[in-house]
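The values are calculated or read from the model by the stated rules, or taken from the named source; none is laboratory data. Treat the numbers as computed from the prediction; the structure is a model and nothing was measured. Quick reminder, even Gly has a Cβ in these numbers, built from the backbone with ideal geometry, and neighbours come from all protein chains shown. Only protein heavy atoms, including side chains, enter the accessible area calculation; ligands, DNA and RNA are left aside. Shrake-Rupley method; radii C 1.70, N 1.55, O 1.52, S 1.80 Å.
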Amino acid sequence: STIMKKTILSILATGLLAGCASILDKESYTDHEAEILKTSEGMYALLNGIYDICSGPNYYGRHMYAYEACKGVDFFVRISSGNSYERECRYAESATASGYAARSWLTIYSTIRTATNLIETVDESALEPEEARRARGEATALRALAYFDLMRMFAYPPRFSVPGGEEYHDRYKWGVPIIRDMETVDNIYKYEIRRETAADTYKYIENEFLEAQRLLEDTESDRGHINYVAVCALLTRLYLYEERWPDVIEQGELALSAAAGRYSALDYDSYRTNYYQPFNSENIWELVYSLTDNNGANDLNYLVRCPTWEDPGAEKDGQVSQTVGYAAYGMQNSAITLLNQKVGDVKDVRAYLICELGFNNYKGCRKYVGNPYHYVHNIPIVRLPEIWLSLAEAYLHEEDRSSAERYYKMLRRARICDDSGFTSEQTEKCLAEVLAERRRELILEGHTYWDYFRRGETMVRTQATIENLNKRTIAFGYDSGKSNARAQVIYPIPLAELEANRAIRDQQNPGYDSYDDVYLNN
């Protein structure tokens, strides 16, 4: 007999309908009909609510970077280390056991719900027109980023999913459900909310970022809030994924023009004591945490290492100072070797990121340093070096080697005092150098795994015998002759969503059991 589970509230619906917190006489700032939203205080609380969701452990407070790291080539997850990312690291997700898929889906759609609420109500509030414009711009940008991040985890990159992509196939064509207005949110069961095509989803994301860019131009955002330069940089990131090289160049140059005089590279001598400092000169947009507002034991730093002594040149520097945290993520030797590069007698200053993990002589990564506690540190989302490296990659694809080399050298000068530029005349080898630089510079910032994926490059995790690294060769795509391709390069659509949302039961990701496979055929 067929056993059907009781239908539960759709994760999509609950994510969109969930409140974030109570404020001002315990009135929810996610109730779009509440009078409180007509006040400036209520609108600011609603805007801060979006950032609060983004900052939580199931989104940028931990998950986005932890997910990318455990799927990629630089880290492994220790067995029985007290965390839930072992499944993702092993590429063992399934339709019924999907790791953090459901939590991230719920949280990111909560971000979208709250942003949509603000966008539709801000013009009725007491905010001055200029402030209302800025708030709408920030909410629109955050909503666009939320959809982009859903696409990174639950859909295939444009190379596979958009017609015209080099490895396009119809089976990869789905994006994610798009919720465009609060009418849909408040009457979720009246509508069939199907997954849009990836092409339509990416177009929607682009239009959202462009609208945010228009709204935020010539505005000043508070520290910790997304700003015009960050939106330009995020458009650059989107176009990089889409391999729209002239658009990468246009938006990247626009970002740098707007950033001039406001952001600059840390120099070699100051890097070790400044790279982790809040609001340092390279950080364009970062999420802010404090003694009273942080993720505690659910923090990213708590997950990836123990506290260490931070005193450059001292005997104990980099050694574990307290056995606090899971210290679940060890660095692979290939990543250690990459960071330990030398040019002549000069060692790459990013080698300073390598520290002791406290277990089995493994090495950890101190990309984030808490102050005064391990879990109190900001998390950058957009930094200046990412723009340089995106421009270098795009200019190489456009056969403008001199421009590519100019941006490549900007970072090399800052990190290893190297002004020699590319070591080859061949474009592919120059691209490999840029991508290696991205891997060094953006380690544990949510890029490396997706850099392989968006380019369709088979990824080899060289230390397959270490703990959870049982899957060594990761190929992307099923219909491109790659025999080692795996479904788990993206998450499945959460089963609870399929249970409640009939409209997408036929849209599960390829390689995972369908809704019928899970329930009707068992």
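Observations on the model:
- Residue check, Asp317 free of Cβ contacts under 8 Å to residues at least 12 places away in the same chain, in contact with a Phe, Trp or Tyr (Cβ under 8 Å, 6 or more places away or on another chain) and farther than 21 Å from Gly56 by Cα: yes
- Scanning segment 82-111 for residues that are open to solvent by 10 Å² or more (accessible area, probe 1.4 Å) and of a type in the set (Ser, Thr, Tyr) turns up Ser84, Ser94, Thr96, Ser98, Tyr100, Thr107, Ser110.
- Residue satisfying all of: in segment 435-463; in contact with a helix residue (DSSP H, G or I) (Cβ under 6 Å, 6 or more places away or on another chain) and β-branched (Val, Ile, Thr); most open to solvent (accessible area, probe 1.4 Å) among these: Thr462
- The set of residues in segment 311-350 being over 22 Å from Asp269 (Cβ atoms), modelled with pLDDT under 95, assigned to a loop (DSSP other than H, G, I, E, B) and open to solvent by 40 Å² or more (accessible area, probe 1.4 Å) consists of Gln322, Thr323, Val324, Tyr326.
- Which listed residue, of Gly358, Gly344, is touching a residue at least 24 places away in the same chain (Cβ under 8 Å) and more than 27 Å from Val229 (Cβ to Cβ): Gly358
- Candidate set: segment 197-245, residues that are out of contact with any Ser or Thr (no Cβ under 7 Å at 6 or more places or on another chain) and of a type in the set (Asp, Glu); chosen: the one nearest to Tyr395 (Cα to Cα): Glu243
- Residue ID - surrounded by the fewest Cβ atoms within 10 Å (Cβ to Cβ), chosen from residues in segment 233-282 that are farther than 24 Å from Leu339 by Cβ and of a type in the set (Val, Ile, Thr): Ile249
- Residues that are under 13 Å from Ile50 (Cβ atoms) and in contact with a His (Cβ under 8 Å, 6 or more places away or on another chain) within segment 108-120 comprise just one, Asn117.
- Every pair of residues 6+ apart whose Cβ atoms lie under 7 Å, when the first sits in segment 251-265 and is in a loop (DSSP other than H, G, I, E, B) while the second is among the charged types (D, E, K, R): Tyr263/Glu282; Ala265/Glu282
- Near pairs, Cβ below 6 angstrom, 6+ apart or cross-chain, from segment 503-522 (of a type in the set (Val, Ile, Thr)) to any residue that is part of a loop (DSSP other than H, G, I, E, B) and open to solvent by 40 Å² or more (accessible area, probe 1.4 Å): Ile504/Arg194
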